[in-house]
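Data first, discussion second: the structure below is written as structure tokens.
Please treat every number below as a calculation from the coordinates, not as lab data. Worth saying up front: this structure is predicted, and the values here are computed from it rather than measured. Please note: Cβ atoms are built from the backbone with ideal geometry, for glycine as well, and neighbour counts cover all protein chains shown.
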Amino acid sequence: MLHQPLVSVIIPCYNHARFLIEAVESVKQQTYSHTEIIIVDDGSTDNTPAICEQLSGVRYIFQPNQGLSAARNTGLANSQGEYLVFLDADDYLYPEALSTNVAYLQQNPSWAFVSGWHRKVDEWRYPVEQDTLSVISNNHYIHLLQGNYIGMHAAVMYTRWILTKFQFDTSLKACEDYDLYLRITRQHTVGDHNHNMAAYRIHGTNMSSKIPFMLNAALLVHQRQKAHLQGTDEEKAWHNGRAIWKHYYTDKLKQALYRQVSKEKIIPAWTDRSALLQESITAGVRLESKVARLRIRQVLRKILPSAILRRLYRLGYIHGYIPPVGKIQWADLERTSPFSNDFGFDRGGPVDRYYIEKFLSENKTLVHGRVLEIGDNAYTRQFGAQSVTQSDVLHITWANDTVTFVGDLSNAPHIPSDAFDCIILTQTLHFLYDFRAALGTCYRILKKGGTLLITVPGISHIDKGEWRDFWLWAFTDKSMQKLLAEHFNENDIHIQTYGNVYIATAFLYGMGLPEVRPDFLDIHDPSYQVIIAVRATK
């Protein structure tokens with residue numbers, strides 16, 4: 001039998017408790033089982049220690065906050081594996097990651113490390129923009145001088161013998177992995193392949209979101225190699241690399257700052273704008289022009305009365321005028337852009353939320369016993385109160401402390417059958433490609449006599465934010481009747497539609513709940529279905 005070396009998976013964690021369980025589970029679910037898992041808590045101030053107490057089969061090490069490099073070195077010093085992988089707490093491995101990299105290293109014992117590919121995902125594990133990757137078969141040091149072709153640290157598996165010679169530089173606050181790759185490949189042979197090893201999660205607290213900081217860190221690490229260059233090929237690669245790094249991060253910074261000004265109507269910090277000016281005068285000047293126009297609009301909105309601003313907008317002298325909350329006139333609807341792109345959350349709250357909560361309030365006596373909700377348990381607590389004996393939450397990731405099941409509702413065999421007295425499924429079905437399978441899961445996991453409380457969008461705009469790419473469907477009362485009848489007895493399905501032409505119009509324009517006529521809210525015309533709500537009993 002082929003020797004199965006121990007693989008140490010070291011997970012440094014600093015305030016990423018909400019992702020930690022998922023990272024650990026991705027190791028436990030590997031097809032390669034001869035592993036040890038070491039969590040190094042780098043002085044977290046969240047509930048990382050409490051999460052680790054719940055985890056079996058891991059070794060937990062706490063140290064005062066010293067940074068990512070020190071945490072990785074601590075894990076290395078306390079590990080026993082012949083091979084090592086460093087998995088950040090907010091990322092996760094694909095099931096065959098370890099077996100694939102072990103096989104490459106066993107077949108190529110002279111390699112100091114082997115690297116594969118990775119995918120980028122958002123906080124909920126949905127794919128986001130992907131870099132163009134290629135397999136590097138030789139001259140790895142020269143390729144690394146021209147950029148970090150590896151991209152993600154968890155896609156790398158190291159041999160222990162190389163890490164007895166090299167460790168992470170604790171003086172670096174970022175790009176310490178890139179620094180290690182360069183130092184190793186300058187002297188040793190490594191390998192690369194095109195199998196996806198891990199998922200790199202993009203979210204608001206990623207260090208890589210600090211673009212000017214990351215540019216300076218990459219250039220600092222890159223500069224260190226200048227004294228070690230040998231021959232014209234390496235010198236040429238080094239000079240190319242400087243330009244490539246600057247172009248890469250400058251382009252990212254430009255896109256981020258332009259988006260803040262043009263889409264989010266936010267004036268970026270001067271430190272970020274000056275960084276762009278320093279790297280690209282043309283892009284920086286163009287940004288400053290956009291900022292100046294935004295400042296003028298902001299000042300005008302503060303000093304001019306709404307009546308004058310409204311008149312200037314209709315005459316075409318100003319663009320993007322949005323009436324203050326409570327000041328909308330029906331003549332303001334003569335426009336092609338909404339008052340809010342956030343469903344009215346920024347104008348006092350969404351109109352559709354009124355109907356969702358009205359429906360749940362009318363059925364609150366059914367929210368009892370063991371209740372499953374999607375995303376969090378806010379509605380379970382609000383409407384179930386003392387009647388709930390156990391609250392469960394299904395989420396696509398371990399996003400908060402209330403989550404008890406992780407997965408996709410359309411494929412969730414791990415959720416027990418005949419388990420729940422009530423399922424609250426609000427505004428979720430339109431994100432699921434296989435919504436039929438999701439409803440089948442709901443029926444399977446309900447107890448006999450249990451109730452599914454579900455709301456879906458009818459007339460609605462599509463989210464322009466993080467959910468834009470995942471908004472797949474809209475529904476009607478007739479489609480919901482047919483879908484639910486595939487599992488539930490027709491006599492046990494009760495459907496209510498909410499909305500009318502006035503409410504549908506207000507909702508599409510992004511008017512907030514305080515801005516619509518209260519006496520129109522509870523007039524319902526089934527030809528204008530803003531929300532469809534269903535109560536189905538098993």
**Nearby aspartates and glutamates by direct alpha-carbon distance to K263 (threshold 16 angstrom, same-chain neighbours under 8 apart not counted)** = E288, D342, D346, D463, E466
**Request:** Arrange the peptides 282-290, 467-475, 500-508, 6-14 so that the one whose residues have, on average, the most other Cβ atoms within 10 Å appears first.
**Result:** 6-14, 500-508, 282-290, 467-475
**Request:** Sum up the charges of everything whose Cβ sits under 13 Å from the Cβ of R259, counting Lys and Arg as +1 and Asp and Glu as -1, but leave R259 out.
**Result:** +3
**Prompt:** Do any chymotrypsin sites (Phe, Trp or Tyr not before Pro) in region 303-389 lie in a loop, going by DSSP, with at most 12 other beta-carbon atoms within 10 Å of their beta carbon, and if so which?
**Reply:** Y317
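Kindly rank 451-460, 167-176 from highest to lowest mean number of other beta carbons found within 10 Å of each residue. Don't skip to the end; give the middle numbers.
Working: 451-460: 23.3, 167-176: 17.8.
Descending mean neighbour count gives 451-460, 167-176.
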**Request:** Quick one: of K448/K482; K120/K265; K210/K246; K210/K254, which pairs are farther than 18 Å apart, Cα to Cα?
**Result:** K448/K482; K120/K265
**Request:** Grab the Cα-Cα distance for Q4 and V501, subtract it from 0.36 nm times how many residues apart they are, and report the gain in nm with one decimal.
**Result:** 172.2 nm
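What net charge do the residues around R311 carry, taking every other residue with its C-beta under 15 Å from that of R311, with Lys and Arg at +1 and Asp and Glu at -1?
Details: positive: R301, R310, R314, K327, R335; negative: D332, E334.
Around R311, the charge tally is +3.
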**Prompt:** So what's the net charge close to Y60: Lys and Arg +1, Asp and Glu -1, counting the other residues with Cβ under 10 Å from its Cβ?
**Reply:** -1
**Message:** Suppose each label sits 7 Å from its Cα in the direction of the beta carbon; what would the R160-N341 distance come out to in nanometres?
**Reply:** 5.3 nm
**Prompt:** In sequence order, what are the phi-derived ³J(HN,Hα) couplings for region 62-70 according to the Karplus relation 6.51 cos²θ - 1.76 cosθ + 1.60 with θ = phi - 60°, rounded to whole Hz, with x for glycine and proline?
**Reply:** 9, 9, x, 4, 10, x, 4, 4, 5
